[in-house]
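Bear in mind that the values in this text are calculations on the coordinates, not laboratory data. From a predicted model like this one, the values you see are computed outputs, not experimental measurements. Reconstructed Cβ throughout: ideal geometry from the backbone, glycine too, with neighbour counts over all protein chains shown.
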Amino acid sequence: MSKFAKKKSGELPAVSTASLPDIVFMLLFFFMTVTVMKNSDVKVENTLPNASEIKKLEKKDRVITIYVGAPTREFQKVFGTESKIQLNDKFADAGEVGDYILMERAKKPQELQNVLTTSLKVDKNANMGLIADIKLELRKVNALKVNYTTYEGDAFNNLK
Amino acid sequence: MPRRAGAPEVNAGSMADIAFLLLIFFLVTTTIETDAGLDRMLPPIEPPETDVVIKEKNIFQVNINKNGQLLADGELIELKDLRTKAMAFLENNGDGSCNYCQSGKKDPASSDNPTKAIISLKNDRETKYGTYITVQNELVGAYNDLRDRESERLYKRPFTSMEAEYIKQETPASVKEELKEKITKIQEMFPQKLSEAETSSSGGS
């Protein structure tokens, strides 16, 4: 009989916190995997247009990115409001695109140098003139594979 | 000897296992966000050595002006009609050699067959990029619609889904091999000949 009486008088056991580190590590790993590392700040307005017939850009190591758009507010005083090209971390002219591509290409391993794609992240309000200049530069350095990076969506939203 | 302490402590040894199970679940289900967009090939800068003579009727000329208006084959059209227009052009089947074209009007003033049809896209320097992408999207869409239709007929699945599976890294090599064959077959039926000529300047210079 005394066996049962004892249980009633006992205090509640403390919840074990031994697994807390595991949970924390789990969260850590989760965030580590879903975070995409950005190696450059985008200094231009970059609202990409929408398109529905898109293809995924697999294999991140084979992509060179060029940003185009109007400078963001903090840079407008210096660079104005006209659309600009951003290569890595700085603004550039269309003429510098070719050199940039060659430089980036040289950084990649030999076997990837012929399969690189240039991803053009262009703000939807940019003018085509600048894009035409970039395209000409890309053709000069024989970087012919381009990807007009867009969001997935109805293409007719671009016209609004 | 009877126990003096209260209730025994809950065994937390398996908590770590549960945590790892969750971790692995998230690892497997989360896909890292990838960029997507319209893939295009630019023409090489050196002109081809042999001049190719292309008949005027095999070219579908699309012009976008600086206000975003669209001129297709000499007609002012709405953007939303572009896809059907382009499809009709590709499938026109003027010389009757295309046995898989379904709605071919056989208009003698339009393209001979899908393998000869070329869409040429021209834009102004002041055209908005958004408009340009919409037009590109519609033209690529026209090709994709036709390819999907043929692919459904021959292989019972859309072309675009085959292509998406093909470029995925996880797809095993044996499946890729098989897909590649089908993809090439469809691409030969409707080759994507979308030319991007140099931009014309609006100043008339």
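If you bin all the Cα-Cα distances of region A:50-159 at 10 Å, starting from zero, the percentages per bin are 13, 43, 34, 10, 0. Across peptide A:141-152, the mean count of Cβ atoms from other chains lying within 10 Å of each residue's own Cβ comes to 5. Take each residue in B:161-174, count the other chain C-beta atoms within 10 Å of its C-beta, and the mean is 1. With 18 Å as the limit on Cα-Cα distance, the pairs of A:84/A:140; B:80/B:156; B:105/B:193; B:156/B:182; B:85/B:182 that go past it are A:84/A:140; B:80/B:156; B:105/B:193; B:85/B:182. Averaged over the residues of A:12-24, the number of partner chain Cβ atoms lying within 10 Å of the residue Cβ comes to 4. Provide the net charge surrounding residue B:94, with neighbours chosen by a C-beta distance below 10 Å and charges set as Lys +1, Arg +1, Asp -1, Glu -1. Around residue B:94, the surrounding residues sum to +2. Each Lys or Arg adds one and each Asp or Glu takes one away; over the other residues whose Cβ falls under 13 Å from the Cβ of residue B:182, this sums to -2. Does region B:56-196 come out rounded, prolate or oblate, given a ≥ b ≥ c as the square roots of the eigenvalues of its C-alpha gyration tensor, rounded meaning a/c under 1.5 and, failing that, prolate meaning a/b above b/c? Here region B:56-196 falls in the oblate category.
Going Cα to Cα from residue A:145, which aspartates and glutamates come in below 12 Å? Please leave out same-chain ones fewer than 8 positions away. In chain and number order, the partners are B:39. Around residue A:114, under 12 Å between beta carbons, what's the net of Lys plus Arg minus Asp minus Glu among the other residues? Combined, the nearby Lys, Arg, Asp and Glu give +3. Listing A:122, B:53 from fewest to most neighbouring C-beta atoms within 10 Å gives B:53, A:122. Look at A:107, B:182 and count the other Cβ atoms within 10 Å of each Cβ; fewest to most, that gives A:107, B:182.
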